[in-house]
1. Could you check the range 365-382 and list, in sequence order, the residues that are under 14 Å from the mean Cα position of the chain (by Cα) and either buried (at least 19 other Cβ atoms within 10 Å of the Cβ) or on the phi > 0 side of the Ramachandran plot (or both)?
2. Considering 652, 622, which residue is under 31 Å from the mean Cα position of the chain (by Cα) and either without any contact (Cβ under 8 Å) to a residue 12 or more places away in the chain or at positive phi (or both)?
3. Considering only residues that are out of contact with any helix residue (DSSP H, G or I) (no Cβ under 6 Å at 6 or more places or on another chain) and part of a helix (DSSP H, G or I), look in the range 133-154 and name the one that is modelled with the highest pLDDT.
4. Select from the range 579-600 the residues that are part of a loop (DSSP other than H, G, I, E, B), touching a residue at least 60 places away in the same chain (Cβ under 8 Å) and either out of contact with any strand residue (DSSP E or B) (no Cβ under 8 Å at 6 or more places or on another chain) or loosely packed, with under 12 Cβ neighbours inside 10 Å (or both) and list them in ascending order.
5. Could you pull out the residue among 170, 157 that is assigned to a helix (DSSP H, G or I), closer than 20 Å to residue 76 by Cβ and touching a residue at least 12 places away in the same chain (Cβ under 8 Å)?
6. Hey, among 527, 510, which residue is surrounded by 15 or more Cβ atoms within 10 Å (Cβ to Cβ) and either on the phi > 0 side of the Ramachandran plot or in contact (Cβ under 8 Å) with a residue 60 or more places away in the chain (or both)?
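The values are calculated or read from the model by the stated rules, or taken from the named source; none is laboratory data. The structure displayed is predicted, hence computed values, not measured ones. For neighbour counting, all protein chains shown are included, and Cβ atoms are generated from backbone atoms with ideal geometry for every residue, glycine included.
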């Protein structure tokens with residue numbers, strides 16, 4: 001049972017050699033992993049003596065209850081037996097490798113099945129083989145005498161690498177305590193990607209891999225699910241009642257590559273081929289885990305008890321409770337928010353290592369896992385609805401659990417979501433920090449560049465249209481002339497003012513509460529943690545993040561988000577005006593204004609052939625409506641704090657991050673698909689400018705306001721130009737104005753320029 005150190009944890013527990021009433025030493029030898037001792041423990045008269053095996057001073061197993069070692073074999077053989085196509089071609093029987101002899105119970109169980117034609121047992125410690133062969137373990141005295149058994153004294157990982165491909169029908173591994181609690185760290189390689197890949201390569205089609213574990217093996221199961229050549233990965237739990245205690249042990253069971261036309265995918269452990277039960281788990285108290293409505297699950301635990309979690313999920317119990325508690329909108333956190341949350345976890349792990357809270361190896365594993373999450377590799381593992389607990393605790397635990405699982409997988413030992421990933425943190429400072437980090441990043445890296453692009457496009461058109469004169473309009477009524485370039489310059493300025501507003505609010509958005517933990521006091525943090533973790537976070541993100549000047553304000557209020565949302569609303573208001581103007585000027589083609597030609601992008605009607613609509617402008621107007629609505633939500637939620645905590649942070653995050661994303665995307669689309677392709681109808685624009693009765697305005701200084709009003713009304717009533725109306729009303733004939741004065745006053749382009757000093 002030994003690969004490179006002590007294996008299978010004894011049912012009497014792990015502890016120093018030398019505890020017990022009366023000991024009789026049966027064997028002692030210097031082993032590869034330290035001194036190996038076999039002894040018999042005699043207790044009261046009439047009680048059965050126990051044979052115990054210790055390696056390197058650690059009790060690794062006894063023969064008091066071998067049910068889990070036997071289960072390792074029986075589960076695998078039952079699964080093979082459920083599918084006759086799994087029989088090997090070597091004489092119609094099965095070839096089984098047992099990794100780790102130990103006291104011989106797994107091998108003994110294998111040999112009870114007549115369908116096994118060959119059993120190869122690989123054991124690192126030669127003394128263990130000698131003692132079992134000598135009959136020093138009464139319960140398994142004859143296992144090595146079976147002619148089907150071949151003994152190999154070697155490291156199991158090396159033996160698997162050397163095995164012929166597809167040569168084994170089952171590989172049974174009882175090495176150390178499984179990856180969750182290794183006694184010998186060198187055994188990690190047996191349970192990593194390469195180790196499981198070697199086992200998978202040795203399996204014949206439809207073969208079975210079964211691994212014994214002393215601790216809950218979700219991390220190992222996840223590695224197995226990602227290993228090429230393994231499928232139908234399942235977790236089996238066995239509860240053993242012993243000495244007044246309930247002890248849990250686990251198996252991870254997987255099938256090898258499918259034999260075409262043979263195996264029925266997903267046939268359960270111990271279930272007949274074609275059974276409706278898939279992936280049934282085994283428990284001493286009866287089936288407790290398996291499938292619900294055809295979906296595989298596993299059992300996880302938290303402080304409230306057991307929870308069924310999808311078998312392949314990286315999350316654990318608390319996330320699953322949140323998934324079940326909040327089936328509200330189907331909307332998870334924004335992608336940028338998940339990234340920010342992961343980067344907070346990464347920075348916290350590294351700071352905790354520097355400050356002596358976490359071992360460096362654990363912190364590095366957490367940081368690497370968090371980086372995977374941050375880059376989007378595991379977005380599907382964040383299912384919690386945004387409408388959840390108001391502090392964001394559910395999403396914080398979602399991040400803790402996913403990162404813990406990934407870190408456990410890479411490290412080869414258990415990483416705890418709370419004790420390790422959440423060390424020196426609380427949801428109350430982590431979650432709002434993640435919102436502020438995500439919002440700061442969205443503004444700096446997404447929205448501001450998008451607005452810069454839109455402003456530049458508008459400015460380019462302002463230059464292009466500088467000489468295009470058109471009618472000004474106020475109240476949607478004719479006014480004095482402007483140039484199209486002036487209007488576009490105004491649009492560009494509005495966008496640039498929006499950028500200025502964002503930059504003005506940014507310092508307060510980038511001020512984060514991290515390090516305040518539960519209520520702002522920083523309880524359970526080491527000295528210097530807030531400063532160091534925020535420094536690391538700023539380095540990792542490249543953002544101008546700073547520590548909150550007052551942690552109690554930063555913990556209890558989200559005013560920075562409210563302020564940012566207000567600026568987003570202002571930008572939306574500006575863009576609403578711009579898009580409405582563009583729609584009006586592009587209206588037509590024959591009965592609208594027609595001063596602009598908006599690029600044709602798609603057919604506009606399912607019934608009116610040839611109709612084309614300003615679809616991008618309409619889309620951006622809906623963006624603006626959403627942003628304005630989000631601001632109302634953010635403002636209300638921002639007012640909903642009580643004492644030391646705001647309890648509507650997730651919906652504030654949704655509002656701010658969605659608004660930022662929509663405005664950024666909408667601005668880019670508006671720039672590239674509309675503004676850059678706009679063309680002016682110069683003649684149409686000038687026609688409207690000259691036809692406007694308001695161009696009479698410069699004549700106020702020549703003939704007076706009341707006379708000019710008569711001219712305007714005459715022009716409208718008769719449908720003539722202002723110049724013709726002046727002539728019709730006799731102002732030229734009476735000498736009140738000359739035709740030269742008239743031409744100068746009615747120069748529509750001159751009207752667009754303010755007077756200059758001579």
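1. Once the filter is applied, which keeps residues that are under 14 Å from the mean Cα position of the chain (by Cα) and either buried (at least 19 other Cβ atoms within 10 Å of the Cβ) or on the phi > 0 side of the Ramachandran plot (or both), the range 365-382 yields 369, 370, 373, 374, 376, 378, 381, 382.
2. Details: 652 fails: either without any contact (Cβ under 8 Å) to a residue 12 or more places away in the chain or at positive phi (or both).
Only one candidate passes the filter, namely 622.
3. So the residue we want is 145.
4. Correct list: 593, 594, 598, 599.
5. Details: 170 fails: assigned to a helix (DSSP H, G or I).
Exactly one residue qualifies, and that residue is 157.
6. Working: 527 fails: surrounded by 15 or more Cβ atoms within 10 Å (Cβ to Cβ).
Of 527, 510, the one residue that is surrounded by 15 or more Cβ atoms within 10 Å (Cβ to Cβ) and either on the phi > 0 side of the Ramachandran plot or in contact (Cβ under 8 Å) with a residue 60 or more places away in the chain (or both) is 510.
Residue by residue, here is whether (1) at pLDDT 95 or above; (2) under 60 Å from the mean Cα position of the chain (by Cα); (3) surrounded by fewer than 17 Cβ atoms within 10 Å (Cβ to Cβ) holds:
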{"position": "666", "(1), (2), (3)": "yes, yes, no"}
{"position": "670", "(1), (2), (3)": "yes, yes, no"}
{"position": "682", "(1), (2), (3)": "yes, yes, yes"}
{"position": "688", "(1), (2), (3)": "yes, yes, no"}
{"position": "695", "(1), (2), (3)": "no, no, no"}
{"position": "702", "(1), (2), (3)": "no, no, no"}
{"position": "723", "(1), (2), (3)": "no, no, no"}
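Residues are listed down the side, and each one gets a yes or a no for (1) surrounded by fewer than 24 Cβ atoms within 10 Å (Cβ to Cβ); (2) more than 34 Å from the chain's Cα centre (by Cα):
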| residue | (1), (2) |
| --- | --- |
| 447 | no, no |
| 453 | yes, no |
| 457 | no, yes |
| 464 | yes, yes |
| 514 | no, no |
